[in-house]
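The structure appears below as structure tokens.
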Amino acid sequence: MDEAQILWQIPAPLLQWYDGGARVLPWRSQPAPYRVWVSEIMLQQTRVEAATPYFERFMEAFPDILSLAQAPEQRLLKLWEGLGYYNRARNLQKAAQIVAEQYGGQLPSQPDELQKLPGIGEYSAGAIASIAYGRRVPAVDGNVLRVCSRLLCSADDIASHAVKKRFRRLIAEIMPSDRPGDFNQALMELGAVVCLPNGVPLCGQCPLAELCQGRRQGMEQSLPVKAAKKPRKKQPRTLFLLWDGSRILLRQRPNRGLLSSLWEFPGCDGRLNAAQARQALEQGGVQAGDLEPLGEYVHLFTHVEWQMTAYWAVCSPFPAPAGCAWVAPDQLRQDYPLPSAFRRVCAAAMLHMDQADF
């Protein structure tokens, strides 16, 4: 069978499978445009299982576009804490402000209008337009690219712009006009729960198994083809968890760059031993008691790997330096957005503060 013959047979069995067993998700149960938009942004770089509780808390805190547009940024970032890729949250708010000012608080339905908003690219625009508004527009994400690659036994690099464009065109041609949103979600669902990445696809559960050319040729585990990523740059860092008996010192990161405007434990570049760490503190005017190693921690970003060495130190109170704040444990829990890069370090610190799990 050629590509056209394969693809035109997809919609009926795929939608039948989706109708019979799609996951029940809060944004599917109530597919209002705002809810669909927030869910699609959260699901970028985040698994459904991880995003779902964040989505529910987010909707409770910001139930509509206007409340999101008016939210204090630090509260927004605190609610996003742990999801990572914080520019997603910032772009959500910027877009909400634009929608409130220029569109009367109503998210536009046309994909080209949606793509004018911060944080909404071609995929997100297609997902929102099709799911929330019934527009016949493809939404091709990594799951869909993987399904198409295996289904057609395509050895083309799915990171290629030309390949993505070709698959979008093919999907657009076969998309049913009466259920475009369900069709897009069904393809994504198939890739998420059956046509799995980085492992053995569950071909025995696939409604398209008889059509799959990758399976027929024994290529399902070697597809899709994707260019290798560049290795991450390794950055050693030393963190100081300074405790004055009731508060811990935090430092706000610059308002641009990685983890901008979020809070962190103060520290310096490089991996310092205890003697070097004490010297660094003294040079900064901090007189601390014994330094207690809290361990080694690694956190992976897209292009960078932080290799962190952490020290706990009890010190006499001193005025917080510029850009820093002394924070009580409850404030740390409730008010200060701390990136997930530091959560394991923070959990170790909480044990020293005789607090419950953070």
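Of note:
- Alpha carbon centroid spacing (whole Å) that separates segment 67-100 from segment 278-334: 27 Å
- Using the 1.4 Å probe convention, the accessible area of segment 147-190 works out to 36 Å² per residue with neighbouring protein chains retained.
- Segment 265-358: mean projected area of Cα convex hull, nm²: 6.7 nm²
- MRE, 222 nm, helices only [DSSP H, n ≥ 4, -39500 (n - 2.57), over the chain, to nearest 500]: -12500 deg cm²/dmol
- Rg(Cα)/(2.2 N^0.38 Å) for segment 141-194, N = residue count: 1.09
- Per residue convex hull volume, Cα atoms of the chain, in Å³: 155 Å³
- Per-residue SASA entry for M188, accessible area with 1.4 Å probe, Å² rounded to 10: 20 Å²
- Portion, in percent, of the accessible area of segment 1-157 that falls on carbon or sulfur, probe 1.4 Å: 49 percent
- Checked against a 22 Å cut-off, the cross-linked pairs K94/K116; K94/K230; K165/K226 give Cα-Cα distances beyond that limit for K94/K230.
- If you plug the beta carbon distance of Q5 and Q307 into 1/(1 + (r/R0)^6) with R0 = 51 Å, you get a FRET efficiency near 0.45.
- Overall, the chain carries a charge dipole of about 800 debye about its Cα centre when +1 sits on the Cβ of Lys and Arg and -1 on the Cβ of Asp and Glu, all other atoms neutral.
- Taking all protein chains together, M59, M219 sort by accessible area into M219, M59, largest first [probe 1.4 Å].
- Rg/Rg_ref, segment 213-259, where Rg_ref = 2.2 N^0.38 Å and atoms are Cα: 2.43
- For segment 190-272, the C-alpha radius of gyration sits at 1.99 times the compact-globule guess of 2.2 N^0.38 Å, with N the residue count.
- Where T302, T46 fall by accessible area, highest first, once all protein chains stay in place (1.4 Å): T302, T46
- Seen from all directions on average, segment 198-237 presents a Cα convex hull projection of 4.6 nm².
- Entry for segment 1-109 at q = 0.18 Å⁻¹: log10 I(q)/I(0) = -0.89, Debye formula applied to identical alpha-carbon scatterers, no solvent contribution.
- Packing rank of 3-12, 336-345, where each peptide gets the mean count of other beta carbons within 10 Å, highest leading: 336-345, 3-12
The values are calculated or read from the model by the stated rules, or taken from the named source; none is laboratory data. Predicted model only: the values in this text are computed from it and were never measured. All Cβ positions, even for glycine, are placed from backbone atoms using ideal geometry, and neighbour counts span all protein chains on display. Quick note on the areas: whole protein, heavy atoms, side chains included, nothing else; ligands and nucleic acids left out. Shrake-Rupley method; radii C 1.70, N 1.55, O 1.52, S 1.80 Å.
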